[in-house]
1. Does any residue in region 241-265 that is closer than 14 Å to residue 292 by Cα and outside the structural domain of residue 168 (by TED's automatic domain parsing) come within less than 8 Å, Cβ to Cβ, of a residue that is surrounded by fewer than 14 Cβ atoms within 10 Å (Cβ to Cβ) and at pLDDT 50 or above six or more places away or on a different chain, and which pairs are these?
2. Return yes when residue 164 is in the same structural domain as residue 211 (by TED's automatic domain parsing), in a helix (DSSP H, G or I) and either without any contact (Cβ under 8 Å) to a residue 12 or more places away in the chain or over 30 Å from residue 67 (Cβ atoms) (or both) and no when it is not.
3. Would you mind telling me which numbered condition in (1) touching a helix residue (DSSP H, G or I) at 6+ places or on another chain (Cβ under 6 Å); (2) closer than 30 Å to residue 213 by Cα; (3) in contact (Cβ under 8 Å) with a residue 24 or more places away in the chain residue 154 fails?
4. In region 52-73, which residues are surrounded by 16 or more Cβ atoms within 10 Å (Cβ to Cβ) and assigned to a loop (DSSP other than H, G, I, E, B)?
5. Could you tell me whether region 27-37 includes any residue that is in a loop (DSSP other than H, G, I, E, B) and surrounded by fewer than 16 Cβ atoms within 10 Å (Cβ to Cβ)?
6. Quick one: which helices (runs of 4 or more DSSP H) sit completely within region 74-160 and have at least 1 residues that are loosely packed, with under 12 Cβ neighbours inside 10 Å and modelled with pLDDT of 85 or more?
7. For region 1-26, what are the residues that are surrounded by 18 or more Cβ atoms within 10 Å (Cβ to Cβ) and within 18 Å of residue 299 (Cα to Cα)?
8. With respect to the numbered conditions (1) at pLDDT 85 or above; (2) closer than 21 Å to residue 280 by Cα; (3) part of a helix (DSSP H, G or I), which one is the sole condition not fulfilled by residue 178?
């Protein structure tokens, strides 16, 4: 069924990239591109920007990122303009003069995060931190109180409490093979839960085994996670390219079964039922190639992989 376009939506075509317009209208990029081509509207290009002498003078004098933030263009457009004028890239790593305030921030956050603030590469931050003899941010990060609450408290709430990004908390939880948070009525579950019947309780209440184990650890009924399992390097936690072994969960299996029965399931419907924490489980299933993700009528749709 062809989508009906409103006048105000058509007026947006060509005023920004197809991708950005698709995001604003919550439809696929291809739908925007097809409609624009049908109407003979030329695609949007940032190179339409009329560069002033003052803006051109910034090229090569400061980083492309800083220029893009100053004049309101994306970094790629700034980089293309600089390359077209054969101006060398600003080597901020070599020329940057560290202030006392910047040095004081070393080790208080990840090298990658500080690099964005200072305007240098993460390697430059790491080199400066090493010369100052400052340990990496994550080395003494994982205190027992934080570890024992993984999976029992939403990642976002733990991140706020311990001044960490949600993605770092999530990655640590996944590396320790702990499922994402879901609401549990512990007043009902706790009285019947023992070390010996974890599997039965998991099936009865549809609670991942790792969450039940975490509750038992927190309440002293299971030994805490070993130091060896907790002693993960900062690279394995902060590097987004680290390969992770997906965590199979009961909830995850339920999603797969729903997709098999209904052929496809809306991500929005799953969030309505399980809350936003279900996105972690969905990501794991996608990483494990159990599911496909595609757009349909402006919605994110999950379907089973064809074997």
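1. 264/296
2. Working: in the same structural domain as residue 211 (by TED's automatic domain parsing): yes; in a helix (DSSP H, G or I): no; either without any contact (Cβ under 8 Å) to a residue 12 or more places away in the chain or over 30 Å from residue 67 (Cβ atoms) (or both): yes.
Judged against the criteria, residue 164 is not a match.
3. (1)
4. 60, 63, 73
5. First, pick out the residues of region 27-37 that are in a loop (DSSP other than H, G, I, E, B): 27-28.
This time we only want the ones that are surrounded by fewer than 16 Cβ atoms within 10 Å (Cβ to Cβ), so: none.
Scanning region 27-37 turns up no residue that is in a loop (DSSP other than H, G, I, E, B) and surrounded by fewer than 16 Cβ atoms within 10 Å (Cβ to Cβ).
6. On the way: elements: 75-84, 92-95, 100-104, 111-118, 122-131, 144-149.
By residue number, 75-84, 122-131.
7. Residues satisfying the conditions are 18, 21, 22.
8. Only one criterion is unmet by residue 178, namely (3).
The values are calculated or read from the model by the stated rules, or taken from the named source; none is laboratory data. Because the structure is a prediction, the values reported are computed rather than measured. Reconstructed Cβ throughout: ideal geometry from the backbone, glycine too, with neighbour counts over all protein chains shown.
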